[in-house]
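Take a look at the structure below.
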Amino acid sequence: MTLFILLIVRSLLTDISKSCQNSSCKVTPQRLIRDSYILSSCIPHFFPLPSTDMKAVFTIAGARVQVRDTEIPIPKEEQVLVKMVAVAQNPTDWKTIKLARVVGAIVGTDYAGTIAGVGPGVDDEKYKLGDRVAGVLHGSLNKNGAFAEYALVPVHSLIRIPDSWTFEEAAQLGVGTTTTCQCFWQSQNLPKPFERPSSPPTTVLIWSGASATGHYAIQFAKLSGMRVITTSSPKHWDRLKALGADACFDYNDPEVSEKIRAYTENKLKYAVDCFSEKTSFQKISDALSEEGGTISCLFPSPYKLRAGIKLKFTLAYDLLAEPYKFPKVYNPRAEDKAFGDWATDLVSEVLKSGKLVPLPMKLYPNGLASVQEGLRYMQEGKVSAEKITYRISDTPGIEA
Ligand SMILES: NC(=O)c1ccc[n+]([C@@H]2O[C@H](COP(=O)([O-])OP(=O)(O)OC[C@H]3O[C@@H](n4cnc5c(N)ncnc54)[C@H](OP(=O)(O)O)[C@@H]3O)[C@@H](O)[C@H]2O)c1
């Protein structure tokens, strides 16, 4: 009964708010909806929210960022509200801020937290309040980004965090694991985890294995029974071998391509370019067999590669299934949404099996207030086999 009354009150408030939109009403529509939202915090679809406002990292003029207060968003169809516990940084965060130059957007792609509210059309038996989740958002373009106390997330993009992973560790899962899935199983049709491995094993080259994407690509390749060859700075070789790499090469070695081609007896057919900049395309192309092969890449190649080399470019944002600008306009297809759903379920299963380990973390001391510093560190090219992470409760003004 209480639930019924509260839903009616909420619906009435929404109607009043709509009628205020074209009048001189002093109460803003947004405020009315918010009051009803707080009221409906008493019903099972929402956790009681302590406030109507939250802190978030906003883009400001000059491609800079600043922590500001804003209203907690309301989940729409097939969305949940996630209360962020920790968030992690990706190169796309500084690149989008710098290239898109949207002022007043919330920054951040990777997050981990708990479900705090469930929108319409969401199966609330499957997605329960308090569930531990992680994933990807498209930050720095609009008012929904990961570097905030709360954000809205499409349910099909949620990764389940097992108890064995802390929120700080899980914050790095989104982009790294979904990109790996796209490179292996959307761009190419390589062996999968939990399936019978091919015999003899498929050999895959993972270029830039110490990058965040490489870290997950090596592990997923190994879990899929593949033979893994990777490149990185030599200081990371022991760690990458412990993750599952069978052979490591130095990407700075002028003869790296010839050495990989000799090691693979001119038979290498599959590669994932986790750097996709400068000359990586060319070097990978030279390492593949004379007949050619397929390279999954994270940016389009500016170079024309030799005959027989297929380049397959994907963006993790496609899996969110919303049109976006980066910098041109992309219109994800229905199959991207379905793939995102499949990929995040697969990642959740692999996590549950306990066979994945996180990248070493570089935790900044002041939570969201440290983001400007973290962005600078990353933009200066200082990140090496580590994941910049921010704990939300470390932010001045936010209580644990
Ligand atoms: N398309 C997509 O959806 C997508 C998704 C994820 C990432 N990306 C893009 O992919 C790139 C990698 O992202 P990430 O987050 O995985 O990277 P990251 O963790 O920030 O990468 C850092 C690593 O880059 C490596 N590196 C530096 N110079 C290199 C070179 N010349 N050749 C090869 N590796 C080099 C370093 O390896 P060492 O420490 O071994 O020197 C370092 O560990 C970025 O440009 C990012 O924007 C795109």
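The values are calculated or read from the model by the stated rules, or taken from the named source; none is laboratory data. Since the structure is predicted, the reported quantities are computational estimates derived from the model, not experimental observations. Counting neighbours? That spans all protein chains shown, and the Cβs are built from the backbone with ideal geometry, glycine included. The protein model used for the area step is the full one, side chains on, heavy atoms only, and it has no ligands, DNA or RNA in it. Shrake-Rupley method; radii C 1.70, N 1.55, O 1.52, S 1.80 Å.
Considering only region 171-191, state which residues are outside any helix (DSSP H, G or I) and surrounded by fewer than 24 Cβ atoms within 10 Å (Cβ to Cβ).
So the first thing to find is which residues in region 171-191 are outside any helix (DSSP H, G or I), and the list is 171-172, 187-191.
Those that are outside any helix (DSSP H, G or I) and surrounded by fewer than 24 Cβ atoms within 10 Å (Cβ to Cβ): 187, 188, 189, 190, 191.
Taking the criterion of being at pLDDT below 95 and polar (S, T, N, Q), would at least one residue in region 299-309 satisfy it?
yes
If you go through region 369-383 one residue at a time, do you hit one that is aliphatic (A, V, I, L, M), within 15 Å of the chain's Cα centre (by Cα) and either closer than 24 Å to residue 271 by Cα or away from the ligand (no atom under 16 Å from the Cβ) (or both)?
Looking only at region 369-383, we keep the residues that are aliphatic (A, V, I, L, M), and these are 369, 371, 375, 378, 383.
Pick out the ones that are also within 15 Å of the chain's Cα centre (by Cα) and you get none.
Within region 369-383, none of the residues are aliphatic (A, V, I, L, M), within 15 Å of the chain's Cα centre (by Cα) and either closer than 24 Å to residue 271 by Cα or away from the ligand (no atom under 16 Å from the Cβ) (or both).
Go through region 285-308 and count every residue that is under 16 Å from residue 179 (Cβ atoms) and not hydroxyl-bearing (Ser, Thr, Tyr).
Counting residues in region 285-308 that are under 16 Å from residue 179 (Cβ atoms) and not hydroxyl-bearing (Ser, Thr, Tyr) gives 5.
Would you point out the residue of region 196-212, among those that are within 16 Å of the ligand (Cβ to nearest atom) and open to solvent by 20 Å² or more (accessible area, probe 1.4 Å), that is nearest to residue 359 (Cα to Cα)?
Top of the filtered list is 212.
Would you confirm whether or not region 257-273 contains a residue that is free of Cβ contacts under 8 Å to residues at least 24 places away in the same chain, aromatic (Phe, Trp, Tyr) and open to solvent by 30 Å² or more (accessible area, probe 1.4 Å)?
Going through region 257-273, the residues free of Cβ contacts under 8 Å to residues at least 24 places away in the same chain turn out to be 259, 262, 265.
If we keep only those that are aromatic (Phe, Trp, Tyr) too, we end up with none.
Looking through region 257-273, none of the residues is free of Cβ contacts under 8 Å to residues at least 24 places away in the same chain, aromatic (Phe, Trp, Tyr) and open to solvent by 30 Å² or more (accessible area, probe 1.4 Å).
So, in region 275-303, of the ones that are open to solvent by less than 10 Å² (accessible area, probe 1.4 Å) and within 27 Å of the chain's Cα centre (by Cα), which residue ends up nearest to residue 330 (Cα to Cα)?
By that ranking, first place goes to 297.
Scan region 50-77 for residues that are polar (S, T, N, Q) and surrounded by fewer than 21 Cβ atoms within 10 Å (Cβ to Cβ) and jot them down. Spell out how you get there, then give the answer.
Residues of region 50-77 polar (S, T, N, Q): 51-52, 59, 66, 70.
51, 52, 66, 70, listed by residue number.
Return yes when residue 231 is within 16 Å of the ligand (Cβ to nearest atom), open to solvent by less than 10 Å² (accessible area, probe 1.4 Å) and of a type in the set (S, T, N, Q) and no when it is not.
Numbers: within 16 Å of the ligand (Cβ to nearest atom): yes; open to solvent by less than 10 Å² (accessible area, probe 1.4 Å): yes; of a type in the set (S, T, N, Q): yes.
The answer is yes for residue 231.
Does residue 341 satisfy the condition of being acidic (Asp, Glu), open to solvent by less than 50 Å² (accessible area, probe 1.4 Å), under 17 Å from the mean Cα position of the chain (by Cα) and outside the structural domain of residue 269 (by TED's automatic domain parsing)? Lay out the reasoning, then the answer.
Working: acidic (Asp, Glu): yes; open to solvent by less than 50 Å² (accessible area, probe 1.4 Å): no; under 17 Å from the mean Cα position of the chain (by Cα): yes; outside the structural domain of residue 269 (by TED's automatic domain parsing): yes.
In short, no.
Residue-wise test of (1) assigned to a loop (DSSP other than H, G, I, E, B); (2) touching a residue at least 40 places away in the same chain (Cβ under 8 Å); (3) open to solvent by less than 60 Å² (accessible area, probe 1.4 Å).
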site	(1), (2), (3)
122	yes, yes, yes
125	yes, no, no
129	yes, yes, yes
135	no, yes, yes
139	yes, yes, yes
153	no, yes, yes
162	yes, yes, yes
169	no, yes, yes
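Looking at region 250-359, what helices (runs of 4 or more DSSP H) fall wholly within it and have at least 3 residues that are away from the ligand (no atom under 16 Å from the Cβ)? Walk me through how you get there before you give the answer.
Working: elements: 256-263, 280-287, 334-352.
By residue number, 256-263, 334-352.
Provide a single number: the residues in region 60-92 that are of a type in the set (S, T, N, Q) and within 16 Å of the ligand (Cβ to nearest atom).
3
Go through (1) touching a Phe, Trp or Tyr at 6+ places or on another chain (Cβ under 8 Å); (2) at pLDDT 95 or above and name the single condition residue 100 misses.
Only one criterion is unmet by residue 100, namely (2).
Taking the condition within 15 Å of the ligand (Cβ to nearest atom) and in a loop (DSSP other than H, G, I, E, B), does residue 219 pass?
Numbers: within 15 Å of the ligand (Cβ to nearest atom): yes; in a loop (DSSP other than H, G, I, E, B): no.
In short, no.
Residues in region 223-238 that are farther than 22 Å from residue 276 by Cα and touching a residue at least 40 places away in the same chain (Cβ under 8 Å): how many?
Selection size over region 223-238: 2.
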